[in-house]
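Structure record follows, encoded as structure tokens.
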Amino acid sequence: MLDGKKSLFSGMQATGTLTLGNYLGALKNWVDLEDEYECFYCVVDLHSITVRQNPAELRKRARDLLTLYIAAGLNPEKNCIYYQSHVSAHSELAWILNCFTYMGELNRMTQFKDKSKKHADNINAGLFTYPVLMAADILLFQSDVVPVGSDQKQHLEITRDIAERFNSIYGDVFTIPEPYIGKVGARIMSLQEPSKKMSKSDENPNASIYLMDDPDTIIRKFKRAVTDSDNEIRYSEEKPGIRNLIDIYSSATGKTIPEIEKEFASSGYGDFKLAVGEAVVSLLKPIQDKFAELSKDKAYINSIIKNNADKANYYANKTLRKVQKKVGFPERIRS
Ligand code: TYM
């Protein structure tokens with residue numbers, strides 16, 4: 001809760017190119033929430049350096065991601081869209097919360113286990129304490145809800161545990177956040193291995209639809225999507241490839257699963273894959289066009305970066321000062 005209004009925080013890493021999973025699982029839901037909440041949407045560049053980055057590329061990707069938030073429909077007048085690295089309170093609160101988080105809790109995080117396997121040559125302390133920085137992001141803005149895909153659920157749970165632990169010692173300092181996970185699209189799977197989630201870091205480019213893929217590429221990737229061989233469009237646990245395509249089609253068109261099964265009752269996989277591809281092309285085309293247009297307007301994007309960082313700093317520092325006082329740091333002397 002911020003100034004009497006419910007608040008919301010979410011973010012994305014500027015690592016790699018956004019996928020359809022990022023869009024359907026998170027960004028698409030964000031756009032509907034701006035009237036109900038005071039919203040903060042962050043480009044989490046501090047999190048990105050837990051994995052080695054090329055500096056020039058990271059800078060470009062961070063700007064592209066911020067532009068993409070707006071291109072996808074977030075109104076920057078209503079939603080505070082900013083870079084995490086422009087608000088130093090994120091790092092400062094993360095340090096304090098580190099001292100209220102147990103190694104055992106962090107050891108249980110599945111994302112840490114997965115990333116440690118993938119980056120065995122660089123298992124740094126930042127990768128281990130990543131969820132604490134995420135808790136700081138969320139708690140700084142007294143967030144009531146956090147709209148994410150289902151892969152972030154465990155990180156939301158640890159955030160709640162840290163906040164409850166802190167509150168039990170110091171009183172009601174933090175709002176306890178709830179995850180907001182959409183009914184469809186919360187876990188979009190790889191097109192090549194439908195038992196795995198679609199991921200920015202997948203080495204096989206055919207496994208993911210990237211938000212900037214052109215129409216031909218999108219259609220081609222869907223045509224190649226791995227399915228079973230019984231040629232029946234039915235939503236079932238035993239048919240992970242088809243189930244994923246139904247989820248994508250449902251999320252892109254707003255149609256329900258029974259409606260989709262009925263629509264394609266007499267079609268084969270070829271026709272269905274083409275229909276899914278076309279639905280995704282229609283969904284992404286306006287975002288791609290808007291992105292191209294906004295990217296040219298440097299002054300406009302710069303003004304958003306500046307104004308929103310000021311707003312984010314204002315609210316974040318309010319919470320940080322309260323926390324610093326509670327833990328016993330000396331008061332600042334003002335002249
Ligand atoms: P990131 O950058 O991996 O993903 C951004 C958002 O996309 C969702 N997502 C998916 N949803 C459905 N299907 C998929 N295949 C899929 N892949 C990704 C994620 O759930 C996420 O909502 N740690 C976070 C970033 C972060 C954050 C935060 C999020 C940092 N601080 C505070 C919320 C609140 C991450 O790496 O997301």
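The values are calculated or read from the model by the stated rules, or taken from the named source; none is laboratory data. None of the values given here were measured: they were computed from a predicted structure. Please note: Cβ atoms are built from the backbone with ideal geometry, for glycine as well, and neighbour counts cover all protein chains shown. These accessible areas exclude ligands, DNA and RNA; they are computed on the full protein's heavy atoms, side chains included. Shrake-Rupley method; radii C 1.70, N 1.55, O 1.52, S 1.80 Å.
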| A94 being in the same structural domain as A163 (by TED's automatic domain parsing) and in a helix (DSSP H, G or I) | yes
| request: Kindly provide the set of residues from the stretch 107-131 that are more than 13 Å from the ligand (Cβ to nearest atom) and of a type in the set (V, I, T), ordered by number. | output: I123
| message | Name the single residue that is most open to solvent (accessible area, probe 1.4 Å) among those in the stretch 143-158 being farther than 21 Å from D32 by Cβ and either among the aliphatic types (A, V, I, L, M) or more than 8 Å from the ligand (Cβ to nearest atom) (or both). | response | E157
| said: Going residue by residue through the stretch 35-48, is there one that turns out to be under 20 Å from L283 (Cα atoms), within 14 Å of the ligand (Cβ to nearest atom), part of a strand (DSSP E or B) and in contact (Cβ under 8 Å) with a residue 40 or more places away in the chain? | reply: no
| remark: A136 meets each of (1) away from the ligand (no atom under 14 Å from the Cβ); (2) under 22 Å from the mean Cα position of the chain (by Cα) with one exception, condition (1)
| G104 passes all but one of (1) out of contact with any helix residue (DSSP H, G or I) (no Cβ under 9 Å at 6 or more places or on another chain); (2) more than 13 Å from the ligand (Cβ to nearest atom); (3) under 16 Å from L8 (Cα atoms); which number fails? | (3)
| query | Can you name every residue in the stretch 97-122 that is open to solvent by less than 30 Å² (accessible area, probe 1.4 Å), modelled with pLDDT of 95 or more and part of a helix (DSSP H, G or I)? | reply | L97, E105, L106
| query | Do the conditions hold for R52, that is, is it assigned to a loop (DSSP other than H, G, I, E, B) and among the basic types (K, R)? | reply | yes
| query | Taking only pairs six or more apart or across chains, which ones have beta-carbon atoms under 7 Å, a first residue in the stretch 169-192 that is in the same structural domain as Q142 (by TED's automatic domain parsing) and away from the ligand (no atom under 12 Å from the Cβ), and a second residue that is assigned to a loop (DSSP other than H, G, I, E, B) and open to solvent by 50 Å² or more (accessible area, probe 1.4 Å)? | reply | T175/M1
| request: Please tell me if A71 is crowded, with 17+ Cβ neighbours inside 10 Å and either assigned by TED's automatic domain parsing to the domain that holds K306 or within 13 Å of the ligand (Cβ to nearest atom) (or both). | output: yes
| Out of K326, K311, which single residue is modelled with pLDDT of 95 or more, out of contact with any Cys (no Cβ under 7 Å at 6 or more places or on another chain) and of a type outside the set (S, T, N, Q)? | K326
| Considering only helices (runs of 4 or more DSSP H) fully contained in the stretch 177-265, which possess at least 2 residues that are farther than 30 Å from D64 by Cβ and at pLDDT 95 or above? | 240-253, 257-263
| Among (1) under 20 Å from the mean Cα position of the chain (by Cα); (2) surrounded by fewer than 19 Cβ atoms within 10 Å (Cβ to Cβ) - the single one G185 does not satisfy | (2)
| request: Give just the number: which of (1) closer than 27 Å to V280 by Cβ; (2) within 11 Å of the ligand (Cβ to nearest atom); (3) of a type in the set (D, E) does D64 not satisfy? | output: (2)
